[in-house]
Amino acid sequence: MSLPLPSLMRPSSSLSQAKRRANALLLAALAGFLLTSLLPINPWTAFCKAVSEAALVGALADLFAVTALFRRIPIPWLSRHTAVIPRNKDRIGTNLALFVEDKFLSKDTLLLLMRQHDPVQKVAHWLAQESNARHISDLLRRALIGALEISDDQEIQKFIRQSAHTLIDQLNLAELSAHMLEQLVKDGRHQELLDACIVHVQVQLQNEDTRQAVAEKLAQWLKQEYSLLETLHLTHLLSAKLASKLAEMLATVLKEISTSDTHDLRQYINRQIAILISRLQHDENWQSRLDEFRVQLKQDSALNQYISDLWRTTRLHLLEQLRHTDSNLGIKLQQACLWVAEQILQQEALKASLQKHLENIAANLAPEFSAFLSRHIINTVHGWDAQETSLQIEHNIGKDLQSIRVSGTVVGGLLGGLLYALTLLGQQLQHLWSTTP
């Protein structure tokens, strides 16, 4: 199936005029040759015949060459060398694609281009202008509006929900949980988390508000369990003492844990996490329970409704903000663009890092992108009709080719006259040489 050619390949309006000019010179050379062949021979007719003969040869040779580019000329032994463009259309497309891939899209070419023009610096300077930042933020705002409006479509929501369920089905929760726990205990990270928790608890134990809250809870417990103490008005006194003592005991225990890497609590946590990882990896009961949980998670109507309501509310709020350029969100987008530009311009290390990452991306993507573009060029050119392609090329460069025909005719005539003049000069010199004593 042939594809339509690009609309930019339009015929040249002056092609017909150029053809008429070249053909007129060809006919003039032919007429001059025929006329001088019929006239009596004298030096002037011989000179004109030589000029017209050479011009005719040049015109016919160029006519053949130009015509052979686009059309088949039925001349024995030569026809296979005509219609050059239609016959070689696919090869031209392939060579063009390889040329573009090698000279314009190779990794080295792209990297050299990026290093010469420093795109990160130029983009940062461009983005630092308030009008440009406003333009980019407006594009982002409209893109977000489009994405949010699409998400309101029922079929789109259904597709998103099905995609989420498919993703959940493909997750191995047992394996994923075990891997997360393994990463947690790797290099003692869970112990660092425990240390952070201990520090936090120690700080809270020193807080008077915390101790007061514990004392109040103890006072309530003492009132319920030991009413005699309340009668003797000892409840608050004992609760305060107990809260203080409890805080001191906990502080002592926490200090022991924090200063000992081999404390029993640390060893117990290590053992329990190891047991849990083993069960997640090998215990079929745990794995089946996680599978059941996954099914329940997908089928839980309350959870799905909550997520839908939450998304609907968030979406409406975002749309309301994005539809107004002077809204807080719109202003924040513009400020974010200006801030990014400012940070890039001020921090040389950040700019160098971005440039390096951009070069790495270009280096990694260049082979695939260039191969894709080459295939696209090859497939596109191969899909064009050969005769139409030849006709379009002729329409676009035909004027220059017709100028070549004119030049060939004129140059041929000049060379013919020059050769005739040199021939006469040689004859005169030979005559003088032979008559000289």
### Summary
The residue from K245, K241 that alone is surrounded by 11 or more Cβ atoms within 10 Å (Cβ to Cβ), of a type in the set (K, R) and either in contact with a Leu (Cβ under 9 Å, 6 or more places away or on another chain) or assigned to a helix (DSSP H, G or I) (or both) is K241
### Query
Among I307, I269, I331, I273, which is the only one that is modelled with pLDDT under 80 and not aromatic (F, W, Y)?
I307
### Query
How many residues does segment 206-231 hold that are assigned to a helix (DSSP H, G or I), under 60 Å from the mean Cα position of the chain (by Cα) and at pLDDT 75 or above?
4
### Message
Out of P11, P43, I need the residue that is farther than 30 Å from A421 by Cα, of a type outside the set (F, W, Y) and modelled with pLDDT under 90. Which one?
### Response
P11
### Message
I want to confirm something. Restricting to segment 22-66 and keeping residues that are part of a helix (DSSP H, G or I) and of a type in the set (S, T, N, Q), which single residue is surrounded by the fewest Cβ atoms within 10 Å (Cβ to Cβ)?
### Response
S37
### Summary
Reported set for segment 279-309 where residues are out of contact with any helix residue (DSSP H, G or I) (no Cβ under 6 Å at 6 or more places or on another chain), farther than 20 Å from H165 by Cβ and not charged (D, E, K, R) is H282, N285
## Note on the structure
The number of residues in segment 304-349 that are open to solvent by less than 60 Å² (accessible area, probe 1.4 Å) and farther than 28 Å from R142 by Cα is 1
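For (1) out of contact with any Ser or Thr (no Cβ under 8 Å at 6 or more places or on another chain); (2) within 30 Å of Q346 (Cα to Cα); (3) open to solvent by less than 60 Å² (accessible area, probe 1.4 Å), each residue gets a yes or a no:
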site	(1), (2), (3)
Q121	yes, yes, yes
H125	yes, yes, no
N132	yes, yes, yes
L139	yes, yes, no
E149	yes, no, no
E155	yes, no, no
E175	yes, no, no
R189	yes, no, no
### Query
Mind checking whether some residue in segment 380-395 is within 25 Å of the chain's Cα centre (by Cα) and loosely packed, with under 12 Cβ neighbours inside 10 Å?
no
### Message
Given the criteria in contact (Cβ under 8 Å) with a residue 24 or more places away in the chain, out of contact with any helix residue (DSSP H, G or I) (no Cβ under 8 Å at 6 or more places or on another chain) and farther than 30 Å from R20 by Cβ, does E342 qualify?
### Response
yes
### Task
For segment 68-93, name all the residues that are part of a helix (DSSP H, G or I) and open to solvent by less than 40 Å² (accessible area, probe 1.4 Å).
A68, F70, S79, I85, P86, K89, G93
### Query
Scanning segment 110-156 for residues that are among the hydroxyl-bearing types (S, T, Y) and within 23 Å of L338 (Cβ to Cβ), which turns out farthest from the chain's Cα centre (by Cα)?
S131
#### Entry: Residue count for segment 94-109, restricted to those that are open to solvent by less than 40 Å² (accessible area, probe 1.4 Å) and within 19 Å of the chain's Cα centre (by Cα)
3
### Filter result for the condition that a residue is on the phi < 0 side of the Ramachandran plot, acidic (D, E) and open to solvent by less than 60 Å² (accessible area, probe 1.4 Å), over D283, D261
D283
### Query
Residues of segment 350-366 being open to solvent by 40 Å² or more (accessible area, probe 1.4 Å) and charged (D, E, K, R), which ones?
K356
### Task
Evaluate segment 379-393: report whether one residue or more is hydroxyl-bearing (S, T, Y), part of a helix (DSSP H, G or I) and at pLDDT 85 or above.
yes
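The values are calculated or read from the model by the stated rules, or taken from the named source; none is laboratory data. These figures come from a predicted structure and were not determined experimentally. Here the Cβ is made from the backbone with ideal geometry for all residues, glycine too, and neighbour counts use every protein chain on show. Ligands, DNA and RNA are excluded from the accessible area calculation, which covers all protein heavy atoms including side chains. Shrake-Rupley method; radii C 1.70, N 1.55, O 1.52, S 1.80 Å.
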